[in-house]
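So the structure is just underneath, and the comments pick up after that.
The values are calculated or read from the model by the stated rules, or taken from the named source; none is laboratory data. Please read all numbers here as calculations on a predicted model, not as lab measurements. Here the Cβ is made from the backbone with ideal geometry for all residues, glycine too, and neighbour counts use every protein chain on show.
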Amino acid sequence: MRTMQQQNKKELIEKPKSFFKATSPVSTQVIKGDCFSAMDKMIKDEQQFDMIFADPPYFLSNGGITCQSGKMVKVDKGDWDESQGPALNHEFNTEWLRRCRDLLADHGTLWVSGTMHAIYSVGFAMQELEMKILNNITWQKPNPPPHLAGRYFTHSTETLLWARKSEKSKHKYNYSMMKEENEGKQMKDVWTITAPKKSEKLEGKHPTQKPLVLLDRIIRASTDEGATILDPFLGSGTTSVAAILTGRNSVGIEQDEEYCELAKKRIKWAQQALKEPTQEGLF
């Protein structure tokens, strides 16, 4: 009789066409530490990235509750997600964004994911830093948890801000590829993508884990194979996994030891997937 984990491994995630199509080896690096210090060193070393994806703290860990698998649970994620008040939260966002801007190649772009609790601060900071916001993309989750209080509309979306280094800089957009993926029509700025499935969490969980399908689309939309990607808030390592499967190099920064180890496990699975593309339940 199969174990529950074996059964879960048969539950495949929705796979974009690009999965398992990487044609050359890539470099994948995980740095344990504070993203400010790590990025400062990269700037000093004059490193440049073709794309940066950031999923910064949402500042939601304030004792609230939500519904998860039909149960009432606290939303506290850890000290790293606690709000320090609007002014200090915005200062934090401005400082990591400043470093990201300085690490972008002239043709590079930055993607930031967030909810209403932090994304408006991020967008304002981008403008303060004279970056050019290209799109405000709505990620719609088709099956969100219900709102327990019944006093607001159910939260079912997150926002993705896509920006380039400056007003004058040029950026990469694989228009034809995105149009082909969307059955020959221009891809719009509302994306309906399910939350990560159980098969993406077999190695462990992260409270703000992003679906692999989402990162796959972001990476292919704004880079070519062989590009180098940075994620300053790596978490469970989804950016690294998607980079491996699409043939991109990546550097991820994560300060939490537990999540660093989780990311490394998922990276190992992704590397194995390139050798054995028929195996299931990798993510």
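Which residues, taken from region 105-126, are under 17 Å from the mean Cα position of the chain (by Cα) and part of a strand (DSSP E or B)? Hits for region 105-126 are 108, 109, 110, 111, 112, 113, 114. Comparison of 224, 231 shows that the only residue that is surrounded by 21 or more Cβ atoms within 10 Å (Cβ to Cβ), among the acidic types (Asp, Glu) and under 20 Å from residue 171 (Cα atoms) is 231.
Test residue 74 against the criterion of being at pLDDT 95 or above and surrounded by fewer than 19 Cβ atoms within 10 Å (Cβ to Cβ), and give yes or no. No: the conditions fail for residue 74. Screening residue 177 on (1) within 23 Å of residue 50 (Cβ to Cβ); (2) part of a strand (DSSP E or B); (3) not hydroxyl-bearing (Ser, Thr, Tyr) shows it passes everything except condition (2). Here residue 192 passes the criteria (1) touching a Ser or Thr at 6+ places or on another chain (Cβ under 6 Å); (2) polar (S, T, N, Q); (3) modelled with pLDDT of 95 or more except the one numbered (1). Look at (1) surrounded by fewer than 22 Cβ atoms within 10 Å (Cβ to Cβ); (2) in contact (Cβ under 8 Å) with a residue 24 or more places away in the chain and you find that residue 272 fails only one, number (2).
Might you let me know whether region 126-134 holds any residue that is touching a Phe, Trp or Tyr at 6+ places or on another chain (Cβ under 7 Å) and either free of Cβ contacts under 8 Å to residues at least 24 places away in the same chain or closer than 19 Å to residue 52 by Cα (or both)? Yes - at least one qualifying residue is present in region 126-134. In region 142-162, the residue that is farthest from residue 52 (Cα to Cα) out of those that are in contact with a Cys (Cβ under 6 Å, 6 or more places away or on another chain) and exposed (fewer than 14 other Cβ atoms within 10 Å of the Cβ) is 148.
When region 195-235 is filtered for residues that are under 21 Å from residue 264 (Cβ atoms), of a type in the set (D, E, K, R) and at pLDDT 95 or above, the ones remaining, listed by number, are 216, 231.
When region 84-121 is filtered for residues that are among the charged types (D, E, K, R), in contact (Cβ under 8 Å) with a residue 24 or more places away in the chain and over 18 Å from residue 222 (Cβ atoms), the ones remaining, listed by number, are 95, 98, 99, 102.
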